[in-house]
Amino acid sequence: MEEINIGIDVGGTHTDLTAISGLETVRAKALTTHEDYSRGIFDALTSAAGQLSLSLEEMMSKRTRAFVNGNTIVTNAITELKGSKVGVLTSAGFGDICRFGRGNRGNFNDDQLQRNLPQIVSQNCIAEVSERIDKDGKILVALREEEIREKTEQLLKNGVEAIAICFLWSTSNEQHEKAAQKILQSLDNDIFVTCSVDTASIFREFERWMTAILNCFVQPSVSRFAHAVSSGLRDLGYQRKVEFFNGLGGILAEEEVKRLPIQMYSSGPAGGAIGASALGKRYDIANLLCGDMGGTSFDTTLIKQGKPIVAQRCKIGSFNTAISLLDIVSVGAGGGSIVSLDPRGVPKIGPESAGSEPGPVCYGKGGKAPTITDCIVSLGILRPDNYLGGKHRLNVNAAKEAIEANIAKGMGWNAMQAAAGAYNLVVANMANALRGVSVRRGHDPRKCTFLAYGGALPIFAAAICRSLSIKDMIIPNQSSAFSAYGLLEADYIRRKSATLGIPLDKETKILQLEKIRNKLVQEVLVDLEDAGFDRSQITFNYGADMRYEGQLNEMYMLLSESDFLPSELENLRRKFDFEYENEFGPETAWRDSRLMLINCVVIGVASREKTQLRKHPHEPHSAENAYIGDRTIFLPDLNLEKEVPIFESEKIKPGGIIHGPAVIEVKDTTIYLPTDTVLSKDQYINYRIKLAEKRKLD
Amino acid sequence: MSIHKSNTNNFKIDPITAEVIRSGFENIADEMSVVLLRTSGSPVLTEAKDFSAVVFDASGRQIGAAGYVLAHLASSRIAVKEIIKKRLPDDLEKGDIFICNDPYTVGALHQGDVGIVMPIHENKEVIGWTFTNAHLIDVGGSSISGIAPEAHDCFEEAIRFPGVRIGTSGILDKEWIEFVSANVRVPASFVNDVRSLIAACHAGSKRVIEMFEEYGQKELLKYIDHNIRLSKSALSERIEKLPKRTFHSYDWVEYDGRGTPELYDVSCEMTPSRGKLIFKFSGAEQVTAFINAGPSAVAGVGVITPLLCMLAYDIPFNEGIWECVEIDVGKSGTLVNPRVPAPVTNAHMETGVRLGRMVAEIFSKSCLLSNSDEVSSRIAGQAPSAGCGAAWFGTRSDGTLTIFFPLDNLVAIGGGAQSTSDGQDLYGYQLTLGVSFPDVEVHELADPFLILWRRFRINSGGAGFMRGGLGLDQAYTMHGSEKFIGSVFMAATELPARGFGGGLPGGASRTAIIRKSNVWEIIAAGSLPHTPESIEGRVEVLPGKVSNVSLHTGDVYWASSSGGGGLGDPFLRDPELIERDLRDNKISVSAAHNLYGAIIYENGELCVNFEETWKNREAQRKSLVPDKTLALREVVKHYVGKSLVLEKGKYFCGMCKTPLGSKEKDWRLVTKKITTPLAKMFQESDTEIRERVTEPVMLHSHFCPQCGGCLTTEIKVTGREISLPVD
């Protein structure tokens, strides 16, 4: 009996499931249930069990070996500012920092759109306490137990459900935060408490404090969710570990989720990135540019030398935080993005989105403003009766009328021209975003393979490649559930860091670094051993945030075991200069300045067993058998109407080849193949698309 | 010109391609700024975001811009146009590097802003230009950070680069590096930053060439023209919605760096004409102090900044915006059109922002009377754009030299109240988009200081129906060093940001040093000195501009930044919002009572009695306007912050719709006018202001004869005539 591995990605609109059972891969989809996210999960599980001809209990109790969940719960709570009533204990004189951060002004012109930081902590829930530690960890003013008691009791009286302890320089000396935590717990054992130093032991108080506050903000709802999922699974007889995903692309155990739920931020998209990295290894492609287009946004990331890039000090919604996440850049270009005319009479995409309620005009649910989805339906690329596998018939005429009235009329165009224009504009927006993640990180997009997934992207992917001169593209077979699949490719990852803030000018400083490194290694070990691994299964990677003295921003550099030898001080310096110039260009290193070691980072990875995918025989042949007829489509790239052959994906065999222009209808997505492109179904039943040289405009 | 006409000229324009090209150039500028940001070490760049990157076509027209300082849109344009004039056709090679920081010759905002201009060559032909600039931490001269509060001429201020060549073939000249290194305080950082600027120009140049290759030169130029035309016609259409008449404003620039607090006259008028805005500025004779406004301080800070934030807020920026603007600065030798050797290092933050504030006020006056709801909603209280700057030079405990330039109180100033919301707190200067200031821990890690508190400056937001945004209050003392020397510069200590449409001015800027304080004794005794009240010592309030200030152990430097002006009568503000502001410590009990007419009681926390508040407001206004017939509580129901309406040639009160006379007449003649000394009013309400004893600053308030709502407030300085026509 084959064992089953299940990955489930709870997105904003859909809950996607990928189950791998031996050679069989099953995809299931359910609507996300916002009032209780676990329901959507069990709906998807039920659907998958049906496809495998098993009862839900049978599947979960006897066959399932792994269950991994990535979700958008933390993301939604923070975006919608729906969370618990948080209390903050903070250093006296600094209570306003969690209200204004480092200033509020956005980088755009319009004065009317400038807003203050959302106030997720009300003023009467911020308690300032007399205590002060300096940068060296010296206690200037000692914490008074009595004051903590008094202030906490007041906070509890004001109805706080969780408390964040946010003191200056807790990174240099955690005594005060820990002491306050003890006192709090002695007062009320049930209240959830987060010390800022436990979210990230790195300096910059606003980010560290905000992380602790947001952690408290989302904790109760996440904890309820994790409990609902695990107890539901247990009730079905599932006995293995219930595993969750973090935004770094690693696995979290249930306990960790309850303690530091903020780590789950952006865990859905991280699943896609991990899936991409695994796919890259399978194909032996080192550099992949990835794109995922959903209802409201287009998410992009770069897999560099087989690894996703980690971004530090990430911004979550409006808030700066200290957490590290996979570097996924998001732009407001999704199927639901609204197309309108700007004051110059030029079409623009977004940033407003129709979302799923009321949704695009063609949904017929009251949406009045034309969206990207309305444009592709009007062009004829999307078959109106095939949306979501035929579950929902789309109203093409309503879409065309909205485009005509809102966009085309103002430009002196017809609806088709306007829809094609919007198509090309959204392609340009996505291409700019991809340039952002590649060029900005010193990578030429032309040397990357484009991996396109998500429900909507295969319609635009080839055009995006064309505008970036990318010649090779992969659309995974499970495109719309690719992020769920990626969850199954992940390992347990723990990333711990600590601030040192010292100049690396003497050999003794290396000893200081090594001491901190060893402490962090110990912390990682404890965590991973808790999750059921033993030391031999864990590999460690080290890194450091360093900068030249006088700079304010650090650069992250990987460190090897030998970098911790005092005798290698000179080499370490040379290595940093080299990496710095690699990143920023020749002659940019500050050779006359001291090197400052700011943060030390330790990453522990405990490997999980992965499923193996079967290779299919794939003799090249024409995929004529999958041809199901022609359809009139307005080709947005050529700006003309044409009869285009339509193919059905299920009928294409591995090795099957199709030349553009063509449309391939997949169960839950549609691939648009423009002219001068060739698609083949490969050994992993993914779609590989090759593009001819880019033509110049004439 | 309408959009449709521009689509049907000889060329066949595809609007989508046009937009793709436009966003492409913007993207190039953005990539340039990323290179700059990531390679520079200066906190002025990485945290205050005082830099920009701009792409130009061959003729020097702006086609793509990125950055955070709106005024650089003026300085970059002047610099590139000047290099073109001076170097073309013969004196230019591929890879030439030109450096610009001289306000007089190449339009820099001030000498601290060092700009690099490089040509983009394709097949030996110049196809465009790249410009990058950044405020570098030091440019030599008599004071740190390129801002010299006490310099008497531009030669004392800083080293000046009038667009000279400092490298060829993309490589910096070694001799120049040696020369410049001998003339600035922190040569390594200076040269590094110049390298960053060059690297960013290179990156931009490469992409522009790719664009030319992709579209072909002829095609691309056609689209560049088209996009410039589009922005121009969009702004022109909006300008057409402003009333066709001239509006005026006046103000004074403060300067006390020579011992006496001087005020210098400036004034401005604006007339819309055929889709263009014609600005005329005038000012007092130029002065021997760093406040004289060069061309970018006028065009960039004075005009383009309020224009982009208030009127052209949603129109993509390019040369087309400039084509809608004409600026006349009058005769030479004045504050707004100075001659060498007038000092100019703080032009942008003094005279420049005064001009910007006047233009913002003019926009509000003009928008208020527009027939278009969209345009009339753009009225706002002034943003003060006046920070408290300080730059210190000293040694760390290990003996290394350091410059401590905390941007905190310099940029953390409030924004003006909007018709749609209260003003943004810690908004910055109007010209600094996306501005932020470093964490407490970032400062303390890098420099030997201990920050004692960082919080909202209470009452700094101007009272109004919509309240102005708040500024920052912060204090620090040395920790691990014995002595630092520095300079302090602030604007707007006596004349804070004005309110609009009955709104009151915001709180002013203030800095003080609590000399020989007992902070360390307090700390040693186990307590934290986290309010000014908890510290003993001699409070030395600093003048607006001063150099060579010394800080010794135990001295506490304490700065309070200014806030934005309010919008609309504060007596119309929702009492619930007043209660919220009280609990948030954004306003004090005295301000709530005196300025908003609120009746407050305590019930575990501060509460506003809504009924009594309305009664109190009504009674107060009744005593001003005894014949008043309409209750404030009634008129507020339909009020959206617009105090005045112009319809069919007649003015009406925007609150109660009572006619105030024909448009030919001054409507203020029928109002009830009250004159109050501003300093007294603010002192009673715990709001920051420096009293001008010799010439008291007066607030003139005009109330509607029917409802008693405040229609407008005007600031005047006693004894200073304003000979401007009435708007």
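The values are calculated or read from the model by the stated rules, or taken from the named source; none is laboratory data. Worth saying up front: this structure is predicted, and the values here are computed from it rather than measured. For neighbour counting, all protein chains shown are included, and Cβ atoms are generated from backbone atoms with ideal geometry for every residue, glycine included. Keep in mind that these areas ignore ligands, DNA and RNA; they rest on the heavy atoms of the full protein, side chains included. Shrake-Rupley method; radii C 1.70, N 1.55, O 1.52, S 1.80 Å.
Points worth noting:
Rundown of residues vs (1) at pLDDT 95 or above; (2) under 25 Å from the mean Cα position of the chain (by Cα); (3) within 14 Å of another protein chain (Cβ to nearest Cβ), yes/no style:
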position: A:76; (1), (2), (3): no, yes, no
position: A:86; (1), (2), (3): yes, no, no
position: A:90; (1), (2), (3): yes, no, yes
position: A:93; (1), (2), (3): yes, no, yes
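- Residue ID - modelled with the lowest pLDDT, chosen from residues in segment B:438-450 that are of a type in the set (A, V, I, L, M) and surrounded by fewer than 24 Cβ atoms within 10 Å (Cβ to Cβ): B:446
- Looking only at segment A:97-122, and only at residues there that are in contact (Cβ under 8 Å) with a residue 12 or more places away in the chain and of a type in the set (D, E, K, R), the one that is nearest to the other protein chains (Cβ to nearest Cβ): A:102
- Taken across segment A:1-9, residues that are in contact (Cβ under 8 Å) with a residue 60 or more places away in the chain, assigned to a loop (DSSP other than H, G, I, E, B), open to solvent by 10 Å² or more (accessible area, probe 1.4 Å) and of a type in the set (D, E, K, R) do occur, with at least one present.
- Being more than 10 Å from every other protein chain (Cβ to nearest Cβ), touching a Gly at 6+ places or on another chain (Cβ under 9 Å) and either open to solvent by 30 Å² or more (accessible area, probe 1.4 Å) or over 30 Å from residue A:17 (Cβ atoms) (or both) is true of residue A:125.
- Flag if residue B:63 is outside any helix (DSSP H, G or I), over 29 Å from residue B:222 (Cβ atoms), away from chain A (no Cβ under 11 Å) and at pLDDT 95 or above: no
- Of the criteria (1) open to solvent by less than 70 Å² (accessible area, probe 1.4 Å); (2) within 31 Å of the chain's Cα centre (by Cα); (3) at pLDDT below 90, which one residue A:598 fails: (3)
- Residue identified as crowded, with 22+ Cβ neighbours inside 10 Å, more than 9 Å from chain A (Cβ to nearest Cβ) and closer than 24 Å to residue B:356 by Cα among B:462, B:486: B:462
- For segment A:632-651, a residue qualifies if it is more than 32 Å from the chain's Cα centre (by Cα) and closer than 19 Å to residue A:678 by Cβ, and the qualifying residues are A:633, A:635, A:638, A:642, A:644, A:645, A:646, A:647, A:651.
- Of the listed requirements (1) more than 8 Å from chain A (Cβ to nearest Cβ); (2) closer than 30 Å to residue B:580 by Cα, residue B:525 misses just one: (2).
- Residue match in segment B:11-19 (condition: away from chain A (no Cβ under 13 Å) and either out of contact with any helix residue (DSSP H, G or I) (no Cβ under 9 Å at 6 or more places or on another chain) or at pLDDT 95 or above (or both)): no
- Verdict on residue A:165 being over 24 Å from residue A:312 (Cα atoms), touching a residue at least 12 places away in the same chain (Cβ under 8 Å) and among the aliphatic types (A, V, I, L, M): no
- The residues in segment B:468-521 that are in contact with a Ser or Thr (Cβ under 7 Å, 6 or more places away or on another chain), over 30 Å from residue B:566 (Cβ atoms) and not in a strand (DSSP E or B) can be counted, and the count is 4.
- From the list A:484, A:428, A:462, the one residue that fits, being within 30 Å of residue A:14 (Cα to Cα), free of Cβ contacts under 8 Å to residues at least 60 places away in the same chain, among the small types (Gly, Ala, Ser) and not assigned by TED's automatic domain parsing to the domain that holds residue A:556, is A:428.
- Failed criterion for residue A:544 (all others in (1) within 29 Å of the chain's Cα centre (by Cα); (2) open to solvent by 10 Å² or more (accessible area, probe 1.4 Å); (3) touching a residue at least 24 places away in the same chain (Cβ under 8 Å) hold): (2)
- Considering only residues in segment A:343-353 that are modelled with pLDDT under 90 and open to solvent by 10 Å² or more (accessible area, probe 1.4 Å), the one that is nearest to residue A:301 (Cα to Cα) turns out to be A:351.
- Considering residues of segment A:607-653 that are out of contact with any strand residue (DSSP E or B) (no Cβ under 7 Å at 6 or more places or on another chain) and open to solvent by less than 70 Å² (accessible area, probe 1.4 Å) only, the residue farthest from residue A:416 (Cα to Cα): A:610
- Single residue of B:218, B:241 found to be more than 10 Å from chain A (Cβ to nearest Cβ) and at pLDDT below 95: B:218
- Qualifying positions in segment A:647-666 - charged (D, E, K, R) and farther than 17 Å from residue A:380 by Cα: A:650, A:651, A:653
- Of all residues in segment A:187-225 being among the small types (Gly, Ala, Ser) and at pLDDT 95 or above, the one that is surrounded by the most Cβ atoms within 10 Å (Cβ to Cβ): A:212
- Restricting attention to segment B:259-316, the residues that are hydroxyl-bearing (Ser, Thr, Tyr), open to solvent by 10 Å² or more (accessible area, probe 1.4 Å) and within 14 Å of chain A (Cβ to nearest Cβ) total 1.
- Of all residues in segment A:309-327, those satisfying the criterion of being closer than 16 Å to residue A:437 by Cβ and modelled with pLDDT under 90 are A:309, A:310, A:311, A:312.
- Of the helices (runs of 4 or more DSSP H) lying entirely inside segment A:393-474, not one carries at least 3 residues that are within 10 Å of another protein chain (Cβ to nearest Cβ), touching a Leu at 6+ places or on another chain (Cβ under 6 Å) and within 20 Å of residue A:276 (Cα to Cα).
- Residue among A:334, A:350 that alone is over 28 Å from residue A:211 (Cα atoms), assigned to a strand (DSSP E or B) and under 22 Å from the mean Cα position of the chain (by Cα): A:350
- Counting only strands (runs of 3 or more DSSP E) that sit wholly inside segment B:547-620, those with at least 3 residues that are touching a residue at least 40 places away in the same chain (Cβ under 8 Å) are B:556-560.
- Residues of segment A:354-390 that are in contact with a Leu (Cβ under 9 Å, 6 or more places away or on another chain), assigned to a loop (DSSP other than H, G, I, E, B) and either acidic (Asp, Glu) or surrounded by fewer than 16 Cβ atoms within 10 Å (Cβ to Cβ) (or both): A:364 alone.
- Test: residue in segment B:174-185 that is touching a Gly at 6+ places or on another chain (Cβ under 9 Å) and within 14 Å of chain A (Cβ to nearest Cβ): yes
- Of the helices (runs of 4 or more DSSP H) lying entirely inside segment B:152-215, those containing at least 3 residues that are open to solvent by 20 Å² or more (accessible area, probe 1.4 Å) and within 23 Å of residue B:110 (Cβ to Cβ) span B:174-181, B:187-215.
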